[in-house]
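These notes concern the structure reproduced below.
Since every read-out is calculated from the coordinates, none of them should be taken as a lab result. What you see is a predicted model; the values in this text were computed from it and never measured. Neighbour counts run over all protein chains shown; Cβ positions are idealised from the backbone, glycine included.
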Amino acid sequence: MSTVEPAFKFRPDDPDAPFVPDPALLSPRLIEIKQALVDAVSAVFEEKKITYAEYEKFRQVLQTLQEIKGVHGWFDIWLAKMVDETYEDEWVGTSSQPEGPLYFPGAPSLTPVGPDYSYALPQREGEPGTPLIISGQVRSLDGTPLANAEFDVWQCADTGIYSNFGMDDQPEFNLRGKFRCDSDGRYELRTIKPVPYMTPGIPQILVDIWNGLGKAHFRPAHVHMKVRHDDLPSGEYMTQMYFAGDPYLGDNDPGENSLSSLEVSPEKHTDPAELTARGLEGYSSFLTVTFDIVVATAP
């Protein structure tokens, strides 16, 4: 018989002894929050006369999210922004955004393709879509540039599909890459304008929720950006850049994350001389936008 003390006990030493919580382990804060949540949810159930069938539907949604490992993402849609000061109206910097399910680590470090720290995301020859050139500066709330900050950028192709998930013939890390801005925090990146897309593998029960809420099935077009720098409180900052006029923005966004403060208005260029200077002879036009990232830095 083993004499090793188990990590936890399967039964109390004395089944008849009264239970007394360990005062050293009690958390008044946790008790307060738990009771407040129970009271709030109970009030909703009572006011809206939630039926057992509706409760069961919600339980099925949570079970499905657990099966696809999407519980955290689902909660991020509604709850993360409640504890993120960058979502507040008075925030003067760039609002943060969740990483999302389509990030893939290990993107290649890019080599400049021109002067002034100009880069291009990995692309196929003649990559379908409209070329997009993003430029801007990364700086702190007080205007100090984040010198040589690292960007980690990813987006979908013109088909609405992300590389690295085996869903099409895109090469690995197509439209994914890392690069560094210059000593003044400035950068320029050439890519393709993304399109609205539906996250792959969404179960029907979640689509039913979107339908019931009047949401679109497609997220608005966006470019994901992670910025890494030693002066950032957690070492990195995540956001997304959206495009003004996209019909899937705002209340239509099933991810409920698109913010007007993160929208840009592309300028279209059709001059053949500009296309040639940019090495875009195979295209009839390209777009330019400015997207500055302004963040809180560690004290």
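Summary table below
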read-out: Ordering of 145-153, 219-227, 71-79, 12-20 by packing [mean C-beta count within 10 Å, highest first]; value: 219-227, 145-153, 71-79, 12-20
read-out: Spacing of the two label points (7 Å from each Cα toward its C-beta) at THR144 and ASP208, in nm; value: 5.4
read-out: Residue of GLY126, GLY100, GLY185 that the Gaussian network model of the chain assigns the largest fluctuation, springs spanning Cα pairs under 10 Å; value: GLY126
read-out: Structure-based [θ]222 nm, the chain - -39500 (n - 2.57) summed over DSSP H runs of at least 4, per residue, nearest 500; value: -6500 deg cm²/dmol
read-out: Anisotropy class of segment 28-67 from Cα gyration tensor, a/c 1.5 cut; value: oblate
read-out: Two-site FRET efficiency, SER42 against THR276, from Cβ-Cβ distance with R₀ of 51 Å, rounded to 0.05; value: 0.15
read-out: Considering only the chain, percent of DSSP beta bridges that pair antiparallel, nearest 5; value: 70
read-out: Relative contact order for the chain, counting Cα pairs under 8 Å that sit 6 or more residues apart, in percent; value: 19
read-out: Simple label model, 7 Å out from Cα along Cβ direction - ARG59 to GLU267, nm; value: 5.9
read-out: Reach of LYS9 by Cα under 17 Å, taken over aspartates and glutamates that are not fewer than 8 positions away in the same chain; value: ASP22
read-out: Among 159-172, 241-254, the order from most to least packed when residues are scored by Cβ within 10 Å on average; value: 241-254, 159-172
read-out: Among the listed pairs LYS57/LYS215; LYS34/LYS57; LYS57/LYS226, those beyond 27 Å (Cα-Cα); value: LYS57/LYS226
read-out: Positive-end residue, the chain charge dipole about Cα centroid, Cβ charges, pick of THR288, ALA24, SER163; value: SER163
read-out: Of [x] 1.52; [y] 1.26; [z] 1.32, the label for Cα Rg over 2.2 N^0.38 Å derived from the coordinates; value: [y]
read-out: Computed E for GLU99/MET198 - FRET, C-beta separation, R0 25 angstrom, nearest 0.05; value: 0.90
read-out: Additional length obtainable on full extension of the chain from GLN66 to ASP182, 0.36 nm per residue less Cα span; value: 37.5 nm
read-out: Whole-number percent relative contact order across segment 203-299, with pairs defined as alpha carbons under 8 Å at least 6 apart; value: 25
